[in-house]
Amino acid sequence: MKKVAFFDTKEYDRTWFGRLEKSFEIKFFKEKLSPENADLANGFDGAVAFVNDTISGDVIRTLTEGGTKVLAMRCSGYNNINFKAAHDCGLTVLRVPVYSPYAVAEHAMALLLTVNRKIHKAYNRTRDFNFSLRGLTGFDLNGKTVGVIGTGKIGRIFIKICKGFGMKVLAYDPYPIDNPDFEYTTLDEIYRESDAISLHCPLTDDSHHLLGAEAFGRMKKNVIIINTSRGGLIDSEALLSALKERKIAGAGLDVYEEETELFFEDHSQQIVNDDILARIVSLPNVVLTSHQAFLTAEALKNIAEITIGNLEDFFAGRTLKNVVCYDCAEGVPTTDCTKCNKDNP
């Protein structure tokens, strides 16, 4: 039986993967995969990692030197992987391209509704029996314009949800789909016309800090920003400035660009040294959740099943449906790459 090292384990991982571990001998580690503990995988045939693990060249070399032949990401994103090192060392990288796009899209709408209607503020008030309506005014979503950046599976489901609210949709994607039932336009028009902007695109060199000072400066006043994709899509310092200057009405964030050492853990009894995050969280018009958009029972079940299936296919020598090829990881081909099933999240 093949041995698999499972990093950054949470209780829900044990629940779902434990039900499916008949195919492999799985060793669960609480530690994140990083240069300091990659050697925990020595003697294991494969490894399973997550979105905030550090998969650098040093980590990959340690894995492969210890006998690891395959890295199965239990997520869709892979911007945390040094693919040149993986290619040079012969490490196959697999992922879960789709687990539940509905989970993430629905969470994005939940953030938009919460920020707009001040649900978080009302919740805190009423627990103290304060039933004042002061400062709780929002706006109707019906008839408003939402800009959706990224029209992969999640983005398209979010568009359907927005249409259900009667919103006008403007969309942008460098690789537009054929025959869309929504309108593609430019980023400039999205910035200029949107009452809300939601990000549903992968983090690449081109999309890093897609929303920064220059983009915020072009946006319609009082826009709401939603991000359930990757923290690095937004320049956090620029976002803080735009919020303080009241250029932006609010932000609903499930991700943060410096989240790696913070998210998925309890830091409530510690002093967090990230001053930008501390200031963003303190603002009354910001709702920050803990990278939980994916966290539904359906998604967790699918992640476990697909990850195990990916490993079974690899060790059985079958065609790999969910491999990430080196070219795609480096951003060379478009979404029609014949080497893998790359798709925007």
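The values are calculated or read from the model by the stated rules, or taken from the named source; none is laboratory data. No experiment lies behind these values; they were computed from the predicted model shown. Methodologically, a virtual Cβ is constructed for each residue, glycine included, from the backbone with ideal geometry; neighbour enumeration extends over all protein chains shown. Heads up: the accessible areas ignore ligands, DNA and RNA and are worked out on the full protein's heavy atoms, side chains in. Shrake-Rupley method; radii C 1.70, N 1.55, O 1.52, S 1.80 Å.
Annotations for the structure displayed:
- Positions within the range 23-43 being out of contact with any Phe, Trp or Tyr (no Cβ under 9 Å at 6 or more places or on another chain) and part of a loop (DSSP other than H, G, I, E, B), in sequence order: Pro35, Glu36, Asn42, Gly43
- Of the residues making up the range 309-319, those that are buried (at least 18 other Cβ atoms within 10 Å of the Cβ) and more than 21 Å from the chain's Cα centre (by Cα) number 3.
- Qualifying residue in the range 138-154 (condition: touching a residue at least 40 places away in the same chain (Cβ under 8 Å), of a type in the set (Phe, Trp, Tyr), open to solvent by 10 Å² or more (accessible area, probe 1.4 Å) and outside any strand (DSSP E or B)): yes
- Selection from the range 155-180 of residues that are assigned to a loop (DSSP other than H, G, I, E, B) and within 24 Å of Val286 (Cβ to Cβ): Phe165, Met167
- Going through (1) within 28 Å of Leu295 (Cα to Cα); (2) out of contact with any Asp or Glu (no Cβ under 9 Å at 6 or more places or on another chain); (3) outside any helix (DSSP H, G or I) one by one, Gly135 falls short only on (1).
- Count - residues of the range 201-226 that are under 15 Å from Ala249 (Cβ atoms) and open to solvent by less than 10 Å² (accessible area, probe 1.4 Å): 7
- Spans of helices (runs of 4 or more DSSP H) in the range 53-119 with at least 2 residues open to solvent by 50 Å² or more (accessible area, probe 1.4 Å) and among the hydroxyl-bearing types (Ser, Thr, Tyr): none
- Counted residues, the range 289-308 - those being touching a helix residue (DSSP H, G or I) at 6+ places or on another chain (Cβ under 8 Å), of a type in the set (A, V, I, L, M) and either surrounded by fewer than 18 Cβ atoms within 10 Å (Cβ to Cβ) or within 19 Å of Phe6 (Cα to Cα) (or both): 6
- So Leu300, is it in a helix (DSSP H, G or I), modelled with pLDDT under 95 and among the aliphatic types (A, V, I, L, M): yes
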